[in-house]
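J.: Quick one: the structure is below, and I'll ask about it shortly.
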Amino acid sequence: DSYSSSPGEGEGSGEGSGEGLGSKSNKSRRPSPPYSSYPSGDVPGGDFPPGSWQADPVYVNHFLDSALGYVRAVKASIVEEYSSADNGNDASALFAVSVLDLPTVLSLTNGNLAGALSSGGALSSSAAYVEEKSYAMLSRRMIHALMTNSPFVVTLGGHSSAAGHGNNFNQSYTSVVGSVLGPVFERLGMTFVARNAAMGGLGTSHSSRCGGDVYGHDNDVVVWDSMMTEAGGLASVDQFYRQALLSNANGAPPFLLQGQAGCHRKNVCKQLGGYGERYGAQVGHVVTSSWTEPVLSSFPITRNGNGVVGAAEGEEGEEGSEGSSGSSGSSGSAPWAARFERCSDGTEGCRPDSEKYNSRCWVDRADVTPAVSQSPATGGHASWHPGWRAHQYKGRVVSYFLLGALERGLRRMSEVTREEGVPYEGENWHMETVYEEVRRRVGEEGKGEGGAVGECMDRVEYNGVWGGGGDVGGSLGRAIAKIICGRKMSCRTDYTPRADPGRNLRGIVVDVPEGKEGNLRVGGEEYEGWDVGIEGQRVPEGEVDVMKVVMGGGGEAEGEGEGAGEGDNSQQQQQQPPPTTPPPTQPPPATPPKNVIDPTYWRLEKAMAGTCDGTTQTSCGRNVGSTCLLYGHNDGRGAIVGNSNTGPITFEIPPAGGGATQLVMLRYESEGGKSGFEDGRTRIRARVSVNGEEKVDEVFKAVDGDDNVVVVYFEEGREGGGEEGTAAARVTISVEEGATSEVVLTHLYWA
């Protein structure tokens, strides 16, 4: 059952003969049902038209055989990449997934996880665990995407270490997942999106209050990996997961995957299991870390970074040179991917910075000359940031976890269709009843006396604008928390990344004085098109190259999956491999006209140029004058800045679900950092009108803090009711005279 070219290619019957699901153009020529006419696209078997691929028995049979062989080959290559052939070491344990019942998941704590991971424990040295029903539903969800030609989207929310700071953006573990599963899903006729929406130093609260306007309204899997900077603790984690469950446009609650290594002293493991217990949500946990190196005890110890894989602490490995990221596999027995991570003589001595990072700011090319000199190294080389090998390993673990679910779903589909025929019966892949049950249970918890329960509801103190500002607590604070924790929120911000770049704060500014529009424009990109690959990130000859197997080139992995085509052997290329022929020389792009900033109006600052949607398929951060154009990270702090001389700025909020707005919150900070408002002389005026009726006109004192959010409007006891198409609210902000600091507006939230 070797995979060659597209699954099913050259197989089939009748009009479908020769068409493979890997070809989207061929697939589009097949008849298909109107998926949007059915809840969640759950098409009954009898409604697939004759000639559709789902109703072609020969095609489906050969497709599933080929797809299973291909998926198994990719999984095998991931294991082989970390195995040592010359001493017979098998790295399977590095990617093992434990499937547990819900009581066992709920029993895991910071105190007992290490024991559970030990040999003979409940997790038995696993890299990840998943609740058993959740794993079955994840597999089913993937087959649902296959049957309905739907994208499958994975989004990460996290901190700088999870984001991959210090490495090129394409080396982050989320990008690694996309580099593997993107081509795999495409070969199966599907679309896979990996979205890295992590930001350094902030946690996730500022973004999760946006509902899906930052993390996306289309997620199948959301990953939380942010305990190191999650200032709100479990309340912030709870907010992240709740908004994820509520925010998908199609009403399909996503699978909740925890990326935080271990359970932490706050016991995020039990919290995660609670979503399965209380809501029937799908949950899993990758227990390897994106920021703690070396990655748990299951990672192989290698003598001086190059010795025998799996050698015990203090055991002598084979002699060999220190090697380097560009060295041949012959320099030692440790696979290239496993070197310099966990070493018998201490991590500091065998993992120099030059081996931890191989990121670059620029690669010379004939068609683009940067406007300014490029830095010799990327920033972010902090001691707590993991290097590319740690990110690659975690990305491989997540890929293996998802491939396992896909393989399980394909195997089940193959068994059933061989026995019962095609189309594959809906009882095996329909999802609407599953989604509806989760939606119902999440919604019920947000109603009734006392509102929702859980950590998010514990945060009931808010800063309000009434009477010049002050705490909003008690029953009013709980009513606000009930909305934030139990209803889909919306926001606009110029922070990046954003799943939908068009949902930005500057885009809802109205009544801009004539001639001052340039104050809110984003600067241009220095160049367009694909970046070229970085030579130092290529897999050395003789080492297992997972991407060659993924792309059909065979690689060094044994077993199934060798096929036609030559894959690029570079380590997760930055967007696209370099062209085989040099691009035509072209003149440098014309320098975009410099915005003339009028100091009497608010201005946009620090906005990232490019699309900045968190994927490697778009560009971000190529601002004119950047000294690290290849860094690629989407972590941007664009904001609208004003002072006592800039007058008012007005935002028009779209209708909240077709109704009137009930809650409006503003996030702000000072231009001078965390102590910019310490003299107490900066005051902000907020005016709010809802459907033309003035509701608020108050002045409040600006304060310093890590996550300054003020409630500028709240009307208790009403949930919408306005007419669709009307402006739900207008919010006007100005800085009072006498202010000594500029005010930075970062987010406007509403529900």
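For (1) modelled with pLDDT under 85; (2) farther than 17 Å from Thr288 by Cβ; (3) among the small types (Gly, Ala, Ser), each residue gets a yes or a no:
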{"site": "Ser92", "(1), (2), (3)": "no, no, yes"}
{"site": "Val97", "(1), (2), (3)": "no, no, no"}
{"site": "Pro103", "(1), (2), (3)": "no, yes, no"}
{"site": "Ala114", "(1), (2), (3)": "yes, no, yes"}
{"site": "Leu117", "(1), (2), (3)": "yes, no, no"}
{"site": "Ser124", "(1), (2), (3)": "yes, no, yes"}
{"site": "Ala128", "(1), (2), (3)": "no, no, yes"}
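J.: Can you pull out the residues in the range 676-717 that are closer than 14 Å to Leu663 by Cα, among the β-branched types (Val, Ile, Thr) and within 32 Å of the chain's Cα centre (by Cα)?
T.: Val709, Val710, Val711, Val712
J.: Now for a separate question. Could you tell me which numbered condition Gly111 fails, if it satisfies all but one of (1) of a type outside the set (Asp, Glu); (2) buried (at least 22 other Cβ atoms within 10 Å of the Cβ); (3) farther than 26 Å from Val550 by Cβ?
T.: (2)
J.: What tally of residues in the range 269-282 results from selecting those that are in contact (Cβ under 8 Å) with a residue 40 or more places away in the chain and either buried (at least 22 other Cβ atoms within 10 Å of the Cβ) or in contact with a strand residue (DSSP E or B) (Cβ under 6 Å, 6 or more places away or on another chain) (or both)?
T.: 7
J.: Another question, if that's okay. Only residues in the range 38-67 that are farther than 20 Å from His430 by Cα count as the first member; pair them with residues that are open to solvent by less than 30 Å² (accessible area, probe 1.4 Å) and of a type in the set (A, V, I, L, M), Cβ under 7 angstrom, at least 6 apart or cross-chain, and list the lot.
T.: Within 7 Å, the pairs are Phe63/Leu21; Ala67/Leu188; Ala67/Leu410.
J.: A further question follows. Looking at the range 517-537 only, could you name the residues that are assigned to a helix (DSSP H, G or I) and under 23 Å from Tyr495 (Cβ atoms)?
T.: Glu517, Gly518, Asn519, Leu520
J.: If you don't mind, another one. Which strands (runs of 3 or more DSSP E) does the range 653-731 wholly contain that include 3 or more residues that are buried (at least 20 other Cβ atoms within 10 Å of the Cβ) and at pLDDT 85 or above?
T.: Qualifying strands (runs of 3 or more DSSP E): 663-670, 683-690, 709-714.
J.: Right, here's the next one. Of these, Ala122, Ala116, Ala93, which one is touching a residue at least 12 places away in the same chain (Cβ under 8 Å) and in a helix (DSSP H, G or I)?
T.: Ala93
J.: Here's another thing I want to ask about it. Out of Gly201, Gly164, which single residue is modelled with pLDDT under 95 and within 26 Å of Ser354 (Cα to Cα)?
T.: It is Gly201.
J.: Restricting attention to the range 232-265, report how many residues are aromatic (Phe, Trp, Tyr) and touching a Gly at 6+ places or on another chain (Cβ under 8 Å).
T.: The number of residues fulfilling the criteria is 2.
J.: Select from the range 362-416 the residues that are open to solvent by 40 Å² or more (accessible area, probe 1.4 Å) and either outside any loop (DSSP other than H, G, I, E, B) or without any contact (Cβ under 8 Å) to a residue 24 or more places away in the chain (or both) and list them in ascending order.
T.: Answer for the range 362-416, where residues must be open to solvent by 40 Å² or more (accessible area, probe 1.4 Å) and either outside any loop (DSSP other than H, G, I, E, B) or without any contact (Cβ under 8 Å) to a residue 24 or more places away in the chain (or both): Asp364, Arg365, Pro376, Ala377, Ser383, Tyr400, Arg408, Arg411, Arg412, Glu415.
The values are calculated or read from the model by the stated rules, or taken from the named source; none is laboratory data. Bear in mind the structure is a predicted one, so any value in this text is a computation, not a measurement. Positions of Cβ are generated from backbone atoms using ideal geometry, with glycine treated the same way; all protein chains shown enter the neighbour counts. What goes into the accessible areas is simple: the full protein's heavy atoms, side chains included, and nothing from ligands, DNA or RNA. Shrake-Rupley method; radii C 1.70, N 1.55, O 1.52, S 1.80 Å.
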